[in-house]
Amino acid sequence: MLVLFDPSMQMLAISEELSEKVFPKNVIEIGSFAVNDSVISGFIVVVALLIVALILRLTIIRKWKTTPTGGQMFLEWLVSFFDKSADEMTEEYSGLMGPYTLGAAAYICCGVLVELFGLRPAIADVCACVALAMCTFLFIHTLGFAKNKHRRLKHYLNPINIITDLAVPVSMTFRLFGSILSGMVIMDLIYIVVESIWYIGLPVVIPAILTPIFTLFHALIQSYVFASLTLTFVSEAIEPVPKKQKKKRKQKGASSAAEPSV
Amino acid sequence: MELLVTMIVNLLVDMGPAIGAGLAALTGLGAGIGMGIATGKAVEATARQPEAVGKIRTMLLLGLAFAETTAIYGLLISILLIFM
């Protein structure tokens, strides 16, 4: 099966071939303005998503019925899944967070699944992950300040909270980037290794078995995780009053109630 | 003696990134233990209260994503060390 005449030489060749694929290549480069292949596939994903949304709007939503068809059922499930979880976590801002999480999840999911068409995944570039994480970061803080106004600043009396808040976008960026990049690298490694197997059928069967694990699974899990983490952080930020004050009030109330009796 | 030291130093310089990449892969240890504990507890919870499967599943997925993060950081670092 696997013919290894000189293992070390073959390993070197594989790692050289892989290193070309790990980092995005610049396709257009004009001075400091550079466009790499991840950005291009990102734009392809955006255009495809917009076209699909337009088609769905013109076909399924126009023929909305009380007895739903398959497409209508799927759309209802998809939208109500995100709306319901947004309702549970961020009560009054669910109108804002539901569509945002659905959009981000759709972009991440489709941005990874582009890999199945032979393009480089849109998320396998740090900049795309930073952009998504910064969107979440802005949502967390604008909604936090909109809900709690100046009272939210009391949260920063403990300086550790500043670091905790700044770590959120970093950890979201690297979680997304790392998992997508690792899935892509493993799939590229498999494609390269499979080429050297000249056993009829195996080069077709092995990737077909492994692609769902490393691409489909990652895409769905990471988009779900991104959406639910966004909701968790937002719901944490819009919690009404810090817990410490509540405890103090209770203690005061208890002490004031205890004093008269004594 | 000097020859040995220079040999070791040369070896470290040559193989340093590879050793670092191997060490970075040790992050998988903690992540594996954490994910194992989380899954075990989720199974226990499901056995105790089978009607709460949906809530337990969402919580489990979130927890697994958090536990997996450290392993992903390690993987990212080792990939960067190998290919940069």
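The values are calculated or read from the model by the stated rules, or taken from the named source; none is laboratory data. Computed from a prediction, not measured in an experiment: that's the story for all the values here. Reconstructed Cβ throughout: ideal geometry from the backbone, glycine too, with neighbour counts over all protein chains shown.
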remark   = Across the range B:62-77, the tally of residues that are at the interface with chain A (Cβ under 7 Å from one of its Cβ atoms) and over 15 Å from residue B:33 (Cα atoms) stands at 4
inquiry  = Let me confirm something: among B:62, B:75, which residue is of a type outside the set (S, T, N, Q) and in contact (Cβ under 8 Å) with a residue 12 or more places away in the chain?
reply    = B:75
remark   = The residue from A:145, A:233 that alone is free of Cβ contacts under 8 Å to residues at least 24 places away in the same chain, touching a helix residue (DSSP H, G or I) at 6+ places or on another chain (Cβ under 7 Å) and more than 30 Å from residue A:13 (Cα to Cα) is A:145
query = What's the number of the condition residue A:31 fails, among (1) more than 25 Å from residue A:79 (Cα to Cα); (2) surrounded by 12 or more Cβ atoms within 10 Å (Cβ to Cβ)?
reply = (2)
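Can you tell me how many residues within the range B:36-60 are under 17 Å from the mean Cα position of the chain (by Cα) and either surrounded by 16 or more Cβ atoms within 10 Å (Cβ to Cβ) or within 11 Å of chain A (Cβ to nearest Cβ) (or both)?
1
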remark   = Considering residues that are over 21 Å from residue A:121 (Cα atoms) and of a type in the set (A, V, I, L, M), the number found within the range A:151-193 is 8
inquiry  = Residue pairs, Cβ under 9 Å, 6 or more apart or interchain, first in the range A:62-85 and over 17 Å from residue A:97 (Cα atoms), second among the aromatic types (Phe, Trp, Tyr). List them.
reply    = A:72/A:64
ask   = Does residue A:193 qualify as being at pLDDT 80 or above and over 28 Å from the mean Cα position of the chain (by Cα)?
value = yes
query = Restricting to the range A:54-71, what's the tally of residues that are surrounded by 13 or more Cβ atoms within 10 Å (Cβ to Cβ) and within 30 Å of residue A:187 (Cβ to Cβ)?
reply = 1
inquiry  = For the range B:4-21, check the following and say yes or no: at least one residue is under 21 Å from residue A:177 (Cβ atoms) and either away from every other protein chain (no Cβ under 12 Å) or touching an Asp or Glu at 6+ places or on another chain (Cβ under 7 Å) (or both).
reply    = yes
